[in-house]
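For reference, the structure discussed in these notes is given below.
The values are calculated or read from the model by the stated rules, or taken from the named source; none is laboratory data. What you see is a predicted model, and the numbers here were worked out from it, not measured in a lab. Virtual Cβ from ideal backbone geometry, glycine too; neighbours counted across all protein chains shown. Surface accessibility is based on the protein's heavy atoms, side chains included, excluding ligands, DNA and RNA. Shrake-Rupley method; radii C 1.70, N 1.55, O 1.52, S 1.80 Å.
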Amino acid sequence: MQLLNTLYVTTPDSYLRLENQTLAIEQDRELKLRVPLHHLHAVVCFGHIQLSTPLMHTLAQQGIALVLLDDHGRFQARLEGPTAGNVLLRRAQHEASANAERSLALARAFVAGKIRNARSLLMRGAREAKSEEDASQLTRQAQNLAASLRALPGSATLDALRGVEGEAAREHFVGLSLLVRPDARHHFSMQDGRSRRPPRDRLNALLSFFYSLWMNDCRSALEAVGLDPQVGFLHALRPGRAALALDLMEEFRPLADRLALTLINRQQLRADDFVEREGGAVSLRPDARKSVLVAFQERKQELLQHPLLAQPIPLGLAPLVQARLLARAVRGEPDVEGQPSAYLPFLIK
């Protein structure tokens, strides 16, 4: 398996063009970078980036995804070539999505992965807390998440499961602000819980940015194994919504939270790295966004031991591994005991 290589273009008014079999990036008519196309899996552009038509055609022909995000990291569009993948797998996915029992089982696995990883993050924070008050409250929040985990088997419908997931998410975000170093909480805390469109504070803005990055990687991983990213199990189907990518991303959200906290607590990001726009929206400044992307790429290179693999893998490969496990579960392939494979979410320690 190769690590999925993504080129992020963040400088406004950059011009991307095709030069032989390389992607050339110009700024003010000056060549800044050349990247061989065979090194790329995806190109992600933030804000006002210009692209030549020959480059767009070549990216589509070579199966290199082109993703357009706005200045805040919100998804705008995606260009890709002809749909690849196993049509039989996609048919099995559509049948599973239409089956209430199978949909519920897969959705429950996504939620369990998310809650377990969120609980792991809070428990680690409780162990490392500098004050007894913070440690006590984080422990309570972790216990509340444990209660949510115990409630999952009793969730007999998707609506009930989504209710458990929503309550667990609220508990998690209450604890998340306590994981910020005390002297930075004035600037980095959730003012009114989770806010997304638009983010209303710095912590929400940073989390939304990371979630967008993980979302793109999860969607690419699903497409790489032949699954349809639009047809999910936990998230309702809507036109233009990559429901399965949102499903798969759930278990990776606490990883985004962890990296956001690392950047804040190590003072690699400061309050003045964010800007508040008209209407109260908060976003990263362009230079800070570049630093965040570098940190994200470096984190994806870190090795981890996947519970089902015999060797360490880079974190950036985890979505692809999970997409393959999901494809196996969707097809109903037998496990070692001859039973249909269940989906096992990715768990952090």
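Please identify which residues in region 18-44 have an amide N closer than 20 Å to a label point set 7 Å out from the Cα of D287, following the Cα→Cβ vector.
Only 27-28 pass the distance filter.
Note the full-extension length gain between R270 and S136 as 0.36 nm times their separation in residues minus their Cα-Cα distance, in nm to one decimal.
Stretched out fully, the R270 to S136 stretch lengthens by 45.5 nm.
Excluding residues fewer than 8 places away in the same chain, name every one of the aspartates and glutamates whose C-alpha is closer than 13 Å to that of K290.
In chain and number order, the partners are D71, D273, E298.
Find the accessible area per residue for region 196-349; the probe is 1.4 Å, ligands and nucleic acids are left out, and the unit is Å².
For region 196-349, the per-residue accessible area is 43 Å².
So, R0 is 22 Å and r is the distance between the beta-carbons of A100 and R241; what FRET efficiency does that work out to, to 0.05?
With R0 = 22 Å, the Cβ-Cβ based efficiency is 0.65.
What does DSSP give for the chain in terms of the percent of beta bridges that are antiparallel, rounded to the nearest 5?
65
Label the chain by shape, choosing from rounded, prolate and oblate, from the square roots a ≥ b ≥ c of the eigenvalues of the Cα gyration tensor; if a/c is under 1.5 it is rounded, and otherwise prolate applies when a/b is larger than b/c, oblate when it is not.
Oblate is the answer for the chain, as a/c is 1.5 or above yet b/c matches or exceeds a/b.
Place +1 on the Cβ of every Lys and Arg and -1 on the Cβ of every Asp and Glu in the chain, take the dipole about the Cα centre, and give the residue among A151, P239, N20 whose Cα lies farthest towards its positive end.
Sorting the options by dipole projection puts first A151.
Could you tell me the distance between the Cα centroids of region 206-248 and region 272-290, to the nearest Å?
Each part reduced to its Cα centre gives a spacing of 25 Å.
Name the residue, out of D28, D192, D217, whose mean-square fluctuation peaks in a Gaussian network model built on the chain with Cα pairs under 10 Å.
Looking only at D28, D192, D217, the largest GNM fluctuation is found for D28.
Charges at C-beta only: +1 for Lys and Arg, -1 for Asp and Glu. How large is the resulting dipole of region 8-155 about its Cα centre, in Debye rounded to 20?
The dipole of region 8-155 has a size of about 760 debye.
What are the residues whose amide H is under 5 Å from the amide H of V9, where those residues sit 5 or more places off or on another chain and H is modelled from the backbone?
For V9, whose amide H was placed from the backbone, the distant partners under 5 Å are V44, C45, F46.
Quick one: pull the percent of accessible area on the chain belonging to carbon and sulfur, 1.4 Å probe, ligands and nucleic acids left out.
49
List, in order, the whole-Hz ³J(HN,Hα) value for each residue of region 289-298 obtained from phi through the Karplus relation with A = 6.51, B = -1.76, C = 1.60 and θ = phi - 60°; use x for Gly and Pro.
Result, ordered by residue: 4, 5, 5, 5, 5, 4, 4, 5, 5, 5 Hz.
Per 0.36 nm of contour for each residue apart, how much would the distance between Q301 and D71 grow if the chain were fully extended, relative to their Cα-Cα spacing?
Additional length available on full extension: 80.3 nm.
Would you please put 108-119, 240-251 in order of how densely packed they are, using the mean number of other Cβ atoms within 10 angstrom per residue and starting with the highest?
Packing order, densest peptide first, comes out as 108-119, 240-251.
Under 17 Å Cα to Cα from K114, which lysines show up? Leave out anything in the same chain fewer than 8 places away.
Output for K114: K349.
In terms of Cα to Cα distance under 19 Å, which aspartates and glutamates are near enough to K130, apart from those fewer than 8 places away along the same chain?
Cα-Cα hits under 19 Å: D183.
Rounded to the nearest 20 debye, what is the charge dipole size of the chain about its Cα centre when +1 sits on each Lys and Arg Cβ and -1 on each Asp and Glu Cβ?
It comes to approximately 300 debye.
Might you report the magnitude of the Cβ-based charge dipole of region 209-289 about its Cα centre, with Lys and Arg at +1 and Asp and Glu at -1, to the nearest 20 debye?
That gives region 209-289 a dipole magnitude of about 100 debye.
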